[in-house]
Amino acid sequence: MMRLIIGAKWSSTWTMRGWLACRLSGLPFEAETLFLSRPDSKARLAEVSPTGLIPVLVDDGFVVTDTLAIAEYLWERAPGCDIWPQDLRARTAARMSAAEMHAHFAELRAAMPMNLVKRWPIANGIPSNAKLLGRPGVEAQVARVQRSWRDTRAAWGAGGPYLFGARFNFADAMWAPMASRFRTYSVVLAPDAQAYADAVLAHPLVAEWVAGAEAQAREIGWEACAAWP
Ligand SMILES: N[C@@H](CCC(=O)N[C@@H](CS)C(=O)NCC(=O)O)C(=O)O
């Protein structure tokens, strides 16, 4: 059976995406957790990942690194699965959307690390996220994310709440950690972007991963996890 090496569920964005890709493929796989902040993490990581990064998919000895490559490998192993849309142009648009998330938003990602068990509410009208949003580049990237979602949904999303309509695919999976960041840090979104982010976070596969993150945080210590970073 295929093995997917994942990190801590509450904080590992890329392994969340890799896990969602595996589930969208419909293929059987086992997830193996490698916590990245333990004393032996670097050594264990070096054993399983030639890039020193996870997720890593291992299929009968064949090692696939990088989330996008994993999604493409799974798509080729299970052509027609839910990873990409069936129509060529829709599929290309989905790859464009996934690639944009994969390659960009470094400042936003650094300012607002994903933490699925953390909430940073706007207390008594005081925007506690103002400093994060004020970091160079962050507001423009928050605007670009919403524009990207809006344009993709306008072109392809008429039939449902996701980027490509009724079916959640790997492009939506790529954005799921972003939706979670906006929730954690109380980033105020335009109504259409908020509705899309809510739909992504409510998707059963995303909800399943989040439930796993919450269970893990309870085991490790909720307060410690919620306080990170
Ligand atoms: N481009 C890679 C990024 C993967 C990545 O950055 N993974 C992080 C965890 S979410 C990692 O392995 N970090 C290693 C470390 O923190 O030691 C991908 O798409 O898979």
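Read-outs throughout are calculated quantities, based only on the coordinates presented, and are distinct from any laboratory measurement. Owing to the predicted nature of the structure, the values given are computational and were not obtained by experimental measurement. Cβ: placed from backbone, ideal geometry, glycine included. Neighbour counts: every protein chain shown.
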query = Which of the residues spanning the range 23-49 are within 13 Å of the ligand (Cβ to nearest atom) and surrounded by 21 or more Cβ atoms within 10 Å (Cβ to Cβ)?
reply = Leu34
ask   = Which pairs do you get when a residue that is of a type in the set (Asp, Glu), found in the range 168-179, comes within reach of a residue that is outside any helix (DSSP H, G or I), reach meaning Cβ atoms under 6 angstrom, with the pair 6+ apart or on two chains?
value = Asp172/Tyr162; Asp172/Leu163
ask   = Got a number for residues in the range 1-11 being more than 14 Å from Ser180 (Cα to Cα), more than 9 Å from the ligand (Cβ to nearest atom), not in a strand (DSSP E or B) and not aliphatic (A, V, I, L, M)?
value = 0
task = Within the range 13-28, count every residue that is within 24 Å of Met178 (Cβ to Cβ) and free of Cβ contacts under 8 Å to residues at least 60 places away in the same chain.
result = 5
message = Just to be sure I understand the filter: pairs with C-beta atoms under 7 Å, separated by 6 or more residues or on different chains, first member in the range 31-60 and of a type in the set (Lys, Arg), second member surrounded by 15 or more Cβ atoms within 10 Å (Cβ to Cβ) and part of a loop (DSSP other than H, G, I, E, B). Which pairs pass?
response = Arg44/Leu34
message = Can you report the number of residues in the range 104-134 which are under 13 Å from the mean Cα position of the chain (by Cα) and either among the β-branched types (Val, Ile, Thr) or surrounded by fewer than 19 Cβ atoms within 10 Å (Cβ to Cβ) (or both)?
response = 2
